[in-house]
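Have a look at the structure below, then the notes.
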Amino acid sequence: EINALHPFREGNGRTQRIFLNELAKNAGYKLDLNLISKHKMIHACVEASQLKPGRLEALIKDNLKNFRQNLDLEQNKGMSL
């Protein structure tokens, strides 16, 4: 729905990235959408706007990292030094 609010054909990518990053962060995850090519993201957003969210969901899931798990790994590395 965020994508539909923007008057341009390619959508509202900047707002989507900020919103999704904050949403993930608040849920304890890290999301790096910069790892997704612009072409893949645009294609997924177009499909999602046509009520076919599967590709966008997959891109997001593939790039979600559990923040707590990463934090624990970093802390354990520091303790072993």
Leading residue by the ranking (surrounded by the fewest Cβ atoms within 10 Å (Cβ to Cβ)) among those in region 44-67 that are within 17 Å of Ala24 (Cβ to Cβ) and acidic (Asp, Glu): Asp62
Residue in region 4-23 that is at pLDDT 85 or above, over 13 Å from the mean Cα position of the chain (by Cα) and assigned to a helix (DSSP H, G or I) present: no
Residue check for Ala48: over 20 Å from Arg14 (Cβ atoms), assigned to a helix (DSSP H, G or I), modelled with pLDDT of 85 or more and of a type in the set (Gly, Ala, Ser): no
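The values are calculated or read from the model by the stated rules, or taken from the named source; none is laboratory data. Note that this is a predicted model, so its numbers are computed, not measured. So basically every Cβ, Gly included, is an ideal-geometry build from the backbone, and we count neighbours across all protein chains shown.
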